[in-house]
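Chemist: Structure in structure tokens, see below.
The values are calculated or read from the model by the stated rules, or taken from the named source; none is laboratory data. Predicted, not measured: the structure shown is a model, and the values here were computed from it. Glycine gets a Cβ as well: all are built from the backbone with ideal geometry, and neighbour counts include every protein chain shown. All accessible areas refer to the heavy atoms of the entire protein, side chains included, with ligands and DNA or RNA removed. Shrake-Rupley method; radii C 1.70, N 1.55, O 1.52, S 1.80 Å.
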Amino acid sequence: MGVLGFGATTLGAGTHPRNWSLIVTTEFLRKWGNQGDGDGEFNQPWGLAVDGDGNVYVADSDNHRIQVFASEGRFLRKWGGLGEDDGEFDGPSGIAIDREGRVYVADTGNDRIQMFDPEGRLLEEVATRGKGDGGLNAPMGLAVDGEGRLYVADSFNHRIQVFDPWGRFL
């Protein structure tokens, strides 16, 4: 996994903002991990999220787990494993963290969203398999807005769905 730093410079080409150009420069900062199933190793990492403390949460899809790292890449903890019981995953892909620190994981192969505390303790199964409003079929991408609403890319149902923080379909 690599980390890029970004910097931006605005060049004024006129007095109106629409006439300005933006040049973005990047600088490689660091990387961590290799292929494997040990702590700090990955087998198809898909989703990433960063919490308020700068910790990086990774949906390690083919290892069926979530790994957590300090911002410099030091391994902190992991949870999950292959299965369909509470706290287990089948190919997790998306991950998002709300401002309360709740960690939402798109458990793609099990067609559900699970919500955890930052240490990996299951709080709630937010949404589960189905085709109707609020039902999921291969959820992948997740995002949380400033109001705590959870947006889900419900891939095989070909739609985006929105839930409140506790899984009520909006």
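Chemist: Using alpha-carbon pairs under 8 Å, 6+ residues apart, how would you state the relative contact order of region 37-78 in percent?
Modeler: Working: 76 pairs, mean separation 13.6, N = 42.
Dividing the mean separation by the residue count of region 37-78 yields 32 percent.
Chemist: Ok, one more. Given the Cα-Cα distance of SER71 and VAL162 and 0.36 nm per residue of separation, how much length would full extension add, in nm? Don't jump to the answer; show the numbers that get you there.
Modeler: On the way: separation 91, 0.36 × 91 = 32.76 nm, distance 2.94 nm.
Here the answer is 29.8 nm.
Chemist: Still on this structure, I have one more. Tell me the label-point distance for the pair LEU82, ASP53, using the 7 Å Cα-to-Cβ offset, in nm and rounded to one decimal.
Modeler: About 3.2 nm separates the two model spin labels.
Chemist: Excluding ligands, DNA and RNA, what is the solvent-accessible area per residue of the chain at a probe of 1.4 Å, expressed in Å²?
Modeler: Values: 9280 Å² over 170 residues.
Heavy-atom SASA per residue in the chain reads 55 Å².
Chemist: So for the chain, averaging the separation of alpha carbon pairs under 8 Å that are six or more residues apart and normalising by length, what relative contact order in percent results?
Modeler: Once normalised by length, the contact order is 12 percent.
Chemist: Could you point to the label whose value was computed as P(r) over Cα pairs in 10 Å bins from 0, in percent for the structure here, given (1) 10, 39, 32, 14, 4, 0; (2) 10, 36, 29, 16, 8, 1; (3) 10, 40, 39, 10, 1?
Modeler: Label of the calculated value: (2).
Chemist: Using 0.36 nm times the number of residues separating ASN34 and LEU122, minus their current alpha carbon distance, what extension gain do you get? Before the final figure, lay out the partial values.
Modeler: On the way: separation 88, 0.36 × 88 = 31.68 nm, distance 2.77 nm.
So the extension gain works out to 28.9 nm.
Chemist: Once you keep just the Cα pairs under 8 angstrom separated by 6 or more residues, what percentage relative contact order results for region 92-146? Walk me through the numbers before you get to the answer.
Modeler: Values: 124 pairs, mean separation 19.8, N = 55.
It comes to 36 percent, rounded to a whole number.
Chemist: Ignoring ligands, DNA and RNA, please state the percent of accessible area on the chain from carbon and sulfur, probe 1.4 Å. All intermediate terms of the calculation are to be shown ahead of the outcome.
Modeler: Values: 4500 of 9280 Å².
That fraction is 48 percent.
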